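**Q** Quick one: this structure, given as structure tokens, is what I'll be asking you about.
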Amino acid sequence: MKRALGYYAYRILSGLFGLLPEPVMRRLGHGVGWLISFIARDRFRMAVRHQARVLGPGHDPRRAARQVFRHYGRYWAETFWMRPRRRDAVLARTRLDGIEHLLAAVASGRGVVVALPHLGNWEIAGLRAADEDARVLAVAEALGNERIVDWFTEMRRMMQIDVVIARKGATVTRDLIERLKEGGVIALLCDRDIKGTGVEVEFFGEVTTLPAGPIALADRTGAVVLPVGTYFADGAGHAFEVRPPLELPEVDDQAKRVEAGVALLASVIEDIIRKAPQQWHLILPNWPSDRQPS
């Protein structure tokens, strides 16, 4: 019953937000996100910790964390609001900097690994990539509610994003490698080590682990690694920035090569996040110290 209620809540929100004009949807998302920051206290505390790391001394991390929730609210509002009939209008309000890096990587035929943080609205970035003939394959978490997983999968397909679900026993790595060997594009979030089996690096001045996937797959297949930033515009629209290809270190040992590559990627992702830290809606523990009692 609980799972069914969760699924129908998503469908109802999608129906309600889908009726709204874009400006109303966006402002409502901001407002709801801001209100939730006062309710979801543990998540807000995490946002404060993360913003303190990014911003450093002399800034107010609590105020920044409120903005994180506002932008997270906008992300969800856009997710519920999006419809196929709106794709052209949404695309018209996007800006893509560094497109030459994307086009050159696709033209190389080596395959492309797009590595990005939880920033802005990365699904809209997938829609823009498809419009540039670089349709992406992304990995989605296997949530406990299969109906919600199916809803998310359908939503991403609507955004012209192919999806592979990371279920137990699933052939996720094989599917990703196959796409890369075909010269295709995969997109992987790289700023949170969900499984806790990643590579130890320094990230915003504190040691944690980050997933090895983007670098390990590129090392294994010869694919190009492109760090990408996805940002909300101040009003309607989105801006995307494709950074130059990551030059993987020339190290003989494969494990050390991947470790060095992840450390290099982490430094680029730091720079991408610092351009709009309040849009970085990572509000879960991400460093070992986050899990220690306050």
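**Q** Filter region 271-286 down to the residues that are closer than 14 Å to Gln51 by Cβ and surrounded by 18 or more Cβ atoms within 10 Å (Cβ to Cβ) and list them by number.
**A** Result: Ile273, Pro277, Gln278, Gln279, Trp280, His281, Leu282, Ile283, Asn286.
**Q** List the helices (runs of 4 or more DSSP H) that sit entirely inside region 1-59 and contain at least 1 residues that are among the β-branched types (Val, Ile, Thr) and modelled with pLDDT of 95 or more.
**A** Helices (runs of 4 or more DSSP H) meeting the threshold: 22-39, 41-55.
**Q** While we're on this one: For Arg70, indicate whether it is over 27 Å from Ala166 (Cβ atoms), crowded, with 20+ Cβ neighbours inside 10 Å and touching a Ser or Thr at 6+ places or on another chain (Cβ under 9 Å).
**A** For Arg70, the condition - over 27 Å from Ala166 (Cβ atoms), crowded, with 20+ Cβ neighbours inside 10 Å and touching a Ser or Thr at 6+ places or on another chain (Cβ under 9 Å) - is met.
**Q** Can I ask one more? Which one of Val149, Val185, Val112, Val136 is out of contact with any Leu (no Cβ under 9 Å at 6 or more places or on another chain) and among the aliphatic types (A, V, I, L, M)?
**A** Exactly one residue qualifies, and that residue is Val136.
**Q** I'd like the full set of residues that are over 17 Å from Tyr231 (Cα atoms) and out of contact with any Phe, Trp or Tyr (no Cβ under 8 Å at 6 or more places or on another chain), limited to region 50-73.
**A** Passing the criteria: Ala52, Leu55, Gly56, Pro57, Gly58, His59, Asp60, Pro61, Arg62, Arg63.
**Q** Restrict the check to region 109-132 and report whether at least one residue is under 20 Å from the mean Cα position of the chain (by Cα) and surrounded by fewer than 15 Cβ atoms within 10 Å (Cβ to Cβ).
**A** Yes, that holds for at least one residue.
**Q** Would you call Lys256 of a type outside the set (A, V, I, L, M, F, W, C), more than 27 Å from Trp34 (Cβ to Cβ), modelled with pLDDT under 95 and assigned to a helix (DSSP H, G or I)?
**A** When the stated conditions are applied, Lys256 passes them.
**Q** Can you say whether Arg86 is farther than 26 Å from Met159 by Cβ and over 21 Å from the mean Cα position of the chain (by Cα), as far as the supplied structure shows?
**A** No: the conditions fail for Arg86.
The values are calculated or read from the model by the stated rules, or taken from the named source; none is laboratory data. Being a predicted model, the structure only gives us computed values, none of them experimental. Note that each Cβ is placed from the backbone with ideal geometry, even for glycine, and that neighbours are counted across all protein chains shown.
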